[in-house]
Amino acid sequence: MSDEHYLELCDNPVQFENASSVNNVFFDEANKQVFAVRSGGATGVVVKGPDDKNSVAFRMDDKGEVKCIKFSIGNKILAVQRTSKAVMFCQMNLQCVVLEVSCLCFVFRSLQTKNASVLGFCWTNWNEIVFITDQGIEFYQVFPDKRSVKLLKSQSINVNWYQYCPETAVILLSTTVQGNVLQPFAFRSGTMSKMSKFEIELPVVPKPAKLSLSERDIAMATIYGQLYVMYLKHHSRTANSPSAEVVLYHLPREGACKKSHVLKLNTTGKFALNIVDNLVVVHHQSSQTSLIFDIRLREPDCAVNTHQPVLPARSIHPYRIPLSGPTVVPSQPAVPCQLYSSSWSVFQPDIIISASEGYLWYLQVKLPPTVNLLQDKGKLMDFLLRRRDCKMVILSVCSQILEGGEKGSLPVVATVFDKLNQVYKEYLEAEQTYTLAMESGPSRGSAAQKRPVRTQAVIDQSDMYTHVLSAFTERKGVSHKFIIAVLMEYIRSLNQFQITVQHYLYELVIKTLVQHNLFYMLHQFLQYHVLSDSKPLVRATPQPRLSTANDEIVEVLLSKQQVLGALRFIRSVGGHDNVSARKFLDAAQQTGDQMLFYTVFRFFQQRNQRLRGNPAFNPGEHCEEHVVHFKQLFGEQALMKPATV
Amino acid sequence: CEVYAAPRMATGMQEKQYTPSLLSFFIYNPSFGPREGEEEKKILFYHPCDVEKNEKIRNVGLCEAIVQFTRTFCPTKPAKSLHTQKNRQFFFEPEDNFWIVMVVRNPMIEKPNKDGKPPTIEYQEEEILDTVYGAVLRQCYSMYKLFNGTFGRAMEAGGVELLTQKLEKFFYRYLQTLHLQSCDLLDVFGGISFFPLDKMTYLKIQSFVNRVEESLSLVKYTAFLYNDQLIWSGLEQDDMRILYKYLTTSLFPRHSEPELAGRDSPLRPEVAGNLLHYGRFLTGPANLKDPEAKFRFPKIFVNKEDSYEELHLIVYKAMSAAACFMISASVELTREFCEQLDSLVGPQLTLLASDICEQFNINRRISGPDKEPQFKFIYFNHMNLAEKSTIHMRKTASVSLTSVHPDLMKILGDINCDFARVDEDEEIIVKAMTDYWVVGKKSDQRELYVILNQKNANLIEVNEEVKRLCATQFNNIFFLD
């Protein structure tokens, strides 16, 4: 079986000391830092971030068990919570690796409401912090130098639990007794704005009312640049839902939150969610498999916005942990890592942490295995075009569908070309709009104009030529009919999207037609200007100006050293009496093929004989050097003598 | 036995004018009856058939003698025609020793005489052109060859007996469709009218042809026509030329009626499944649903390197779009295949036909309303056989109507003959009767003939007018963007 695992853990995980009775491990989603706190900090706190810049180690006094610990953005201020009533701030100089921080500490306990207990806190800036208590939300600015804080804004509200999305700086509060009314707040440099609240539809309404929405079943993430609240809706025997589903609520900056997508899981059990490359990944613990959903992929046979998994369920690619110890021996065997372990914690968007083993992984999508799992090539293209590292995979799919040459593959080829060129065209248009805006001067609307980003999904003509079409036309055993059909299909698709066709594609068509002596087809294409709008064809050659398409074709063939092809072509159009012999002889001489030179030379001698009754070249034809060359190669006697009357 | 054609027009009170008509048409091979008394064996076909045997032999013998005689002057180029007062004979040797002869009666004017005397007949022996009727004769052979292969092939397969049968069968009907009175310059060219089309729609048609050939791998060649004009040919040029002639002058005109029929007419194509399409077979089965339907298609012969290839000719049409599919004759075509073709091609071709129609109308609107130009022209390109004429009305099965006086057509033919004599580019301007000017231009492989009707124009003005015309009309003959 070929590799079908389309999800994998990254190769370079963040490693930290595994959780134990003396070592507590915390994860901060905002800075993506893992804190290993040994003995309450007394024997050291080791912070590991996604890269070494974010990794620090320090010591602090053990003043009780740490409940939560987080750096502000940029590691400027450390906040440590030990009790439900107080949070301690520390400022430190991070130049040194190990620091004693106790001297800089100050404790903050002036909360708005007495008796409120702190559920947690989130840094929204280097010095701005939000406290979430069971009675409300409080937004502060911290001044470490003055050892003081300033209240920016607060709001009283009963809170069951909260979630924070650092990417968008949105905090979601669970309110009401059942917990299913969610109140989001957005933060931006010193301001806190209340967004419109919304209610999650529960599968069963409990009586009497009790907390029914768990924070484990809610996650926030941005997908295709939009913020979504994902609700893992478990199946219930009473309600009419045979299997679990994920319900997505779209949370716009302005306006009301709307239920937007339903992802069908078709199974029950324990699930966890990740977002990778704008795909919703649903891990299923009991089957040890994962599913992926693309909310942009339209499902023709489903109700609007209901999605089935893109691919069949597969487990994450097996992962081996190298045995670690004080001395790492290279030959030491790696132990397989237990995937979907119950000790795993999953964080948004793409983080999986195994606290017991001391690893933090980023989850990744592998595209090559998807190619064989998704039979519908059109759907496959839709899927691939939205992925980050898609280019080489898309090009390999193109080669693959041309390779098959099965019956009925042309419509598939056409669909795929159209999808590629749709994206290509959108990019070209954006680029053009940008260029125009730049030319018209930066005075107006300059802020709005950003240079369009060329993603990997933009597959242009040179990509297709280099990686797909050029090799395809060279391959043995493919019928020329199919080759021409594919090339024409690509040209059709480009035209359909009003993309100017590059000359090398025309050259490929011309070359293929000439190789198979299909001159009449070539004529017809020229007749309808399918191949002729190619000024570079002319420019590619040294001649300053060429009159007709026929001359262009001859030039192309000669520049490709297809001298006989060019001769055959010009003869087929009846132009061989008027062409410049010198041009052909030059090309033949350049190939270094003596027999070719002989043949071409003879051809023109015979022409001269026919036209003028003498095989010699006229002085005006400037072929003296070729005559000399001919004599050198084949001797004087090989020259055709004028027929004696 | 003299057959008189109907008078075309009466000039004056009693004067009657007769157009050129076919007197006789025969095919012979001198090597089949070299000895005296066996002359009849030479004759393979003779029209009209009711001619007395000795006269047939006499006429064939005369032709043989003329050809032999003229050979002494130029062994490689024997006589092509013989001019006499009453008629003109055309000789053509398409295959070794096989001769086809066509005798055309010259046009004539019958002038009544007073006092009950028989009318005087005036033959206009200079009014008909060798080039035109020579071309008609060669076309007769090409058409025979398209459907039967060469004479030699029939000889190999079944000897003289088979050949005479085939000739009889083919020419009996074919000669009835020869309308010698309306032959003109276009017969000399034997060109193909191409449908003007924008690049995108053209590429769509390409795509359609390629897809059909891919899914119906039996299909070897495809040709695509719209409005009786060619858009794509997978056949080589010479084969397409004669097939085009057959399609546009014989097959399509015979089938034009159902197109004009109403929606509910029984002639309308049936509804296949839920999908309405207008596709139907012009050759082969008239109705696929008919349990008695026969799946036989005409066979044609096309050139393939040194030999020929025998093919089934399937012509399938939806609205104004016609696709010809050619399949090796060694394959037997079944009901299943035809149904498959119908269900695959029908809907696509219907869609394509309406696309082309729509695109054509858009282009026409862009290029301005249909104003009748004050000049008429014929254009021909030797390289791709493209022809375009605003002189000829739509061709029908019977006649091709021209909108100009025969005298002017004759001038066009004369200019063409002049062009054929020299290889260089040239231009000829003729001041004709009344207010007409006729201009012929030959440049490279193209020929253009323009008829202008301008009162009191001088040579310079006419020259300017034609220059302007070339610039506006002929830089894009195929392309309507």
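Only the coordinates and a few stated rules stand behind these numbers; no lab work does. In this text, all values refer to a predicted model and were calculated from it rather than measured experimentally. Using ideal geometry, Cβ is built from the backbone for each residue, glycine included, and neighbour counts are taken over all protein chains shown.
Which of B:Leu341, A:Leu508 has the fewest other C-beta atoms within 10 Å, and how do the rest follow up to the most?
Values: B:Leu341 25, A:Leu508 21.
Sorted ascending by nearby Cβ count, the order is A:Leu508, B:Leu341.
Distance between the modelled labels on A:Ala86 and A:His235, one decimal in nanometres: 5.1 nm (7 Å Cα→Cβ projection). Rounded to the nearest 0.05, what FRET efficiency do A:Ala42 and A:Gln285 give with R0 = 41 Å and r taken as the Cβ-Cβ distance? Could you check? Once the sixth-power term is evaluated, E becomes 0.65. Working from label points 7 Å from Cα in the Cα-to-Cβ sense, the A:Lys63 to B:Ala457 distance is 10.7 nm. Ordering A:Val556, A:Ser580, A:Phe601 by the projection of their Cα atoms onto the charge dipole of region A:549-638, which places +1 on the Cβ of Lys and Arg and -1 on the Cβ of Asp and Glu, puts A:Phe601 at the extreme positive end.
In a simple Cβ point-charge model (Lys, Arg +1; Asp, Glu -1; nothing else charged), chain A has a dipole of about 900 debye relative to its Cα centre. Counting neighbouring Cβ atoms within 10 Å and putting the fewest first, the residues B:Thr76, A:Thr176, A:Thr599 line up as B:Thr76, A:Thr599, A:Thr176. By the rule of a C-alpha distance below 17 Å, with chain neighbours fewer than 8 residues away ignored, the lysines paired with B:Lys117 are B:Lys16.
With 25 Å as the limit, write out which pairs from B:Lys410/B:Lys442; A:Lys391/A:Lys511; B:Lys41/B:Lys245; A:Lys85/A:Lys150; A:Lys76/A:Lys366 have Cα-Cα distances beyond it, or answer none. Don't skip to the answer; put the middle values down first.
Details: B:Lys410/B:Lys442 18 Å; A:Lys391/A:Lys511 27 Å; B:Lys41/B:Lys245 33 Å; A:Lys85/A:Lys150 18 Å; A:Lys76/A:Lys366 37 Å.
Going by Cα-Cα distance, A:Lys391/A:Lys511; B:Lys41/B:Lys245; A:Lys76/A:Lys366 fall outside the 25 Å limit.
Dipole check for the protein assembly as shown: with +1 at the C-beta of Lys and Arg, -1 at the C-beta of Asp and Glu, and the Cα centre as origin, the magnitude is about 3440 Debye. A Förster radius of 35 Å, combined with the Cβ-Cβ distance separating B:Arg468 from B:Asp423, puts the computed FRET efficiency at roughly 0.80. With respect to chain A, whose longest principal axis is taken over its alpha-carbon atoms, helix A:549-559 is tilted by about 80°.
Summed over qualifying helices (DSSP H, 4 residues or more, each -39500 (n - 2.57)) and divided by its residue number, the protein assembly as shown shows a 222 nm mean residue ellipticity of -9500 deg cm²/dmol. Here the gap between B:Thr70 and B:Arg58, fully extended at 0.36 nm per residue and compared with their Cα-Cα distance, gives a gain of 2.5 nm.
Across peptide A:245-257, the mean count of Cβ atoms from other chains lying within 10 Å of each residue's own Cβ comes to 0.
Taking only C-alpha pairs under 8 Å that are 6+ residues apart, what is the relative contact order of region B:375-474 in percent? Walk me through the intermediate numbers first.
Details: 131 pairs, mean separation 25.3, N = 100.
25 percent.
Across chain B, Cα pairs under 8 Å and at least six residues apart give a relative contact order of 12 percent.
Ordering A:Phe198, B:Phe98 by the number of other Cβ atoms within 10 Å of each residue's own Cβ, fewest first, gives A:Phe198, B:Phe98.
The calculated FRET efficiency for the pair A:Ala471 and A:Asp134, based on their C-beta separation and a Förster distance of 41 Å, comes to about 0.05. The alpha carbon centroids of region A:167-219 and region A:375-436 are separated by 41 Å. Computed from phi, the 3J(HN,Hα) profile of region B:121-132 under the Karplus parametrisation 6.51, -1.76, 1.60 (θ = phi - 60°) reads 10, 10, 7, 9, 5, 8, 7, 10, 9, 4, 4, 5 Hz, with x in place of Gly and Pro.
Gain on full extension, evaluated as 0.36 nm per residue between B:Lys111 and B:Ser31 minus their Cα-Cα distance, stands at 24.3 nm.
For a protection proxy built on the mean count of beta-carbon atoms within 10 angstrom, sort A:373-382, A:619-628 highest first, please.
Working: A:373-382: 17.3, A:619-628: 13.5.
Top to bottom by mean Cβ count within 10 Å: A:373-382, A:619-628.
Helix A:563-572 and the longest principal axis of the C-alpha atoms of chain A enclose an angle of approximately 70°.
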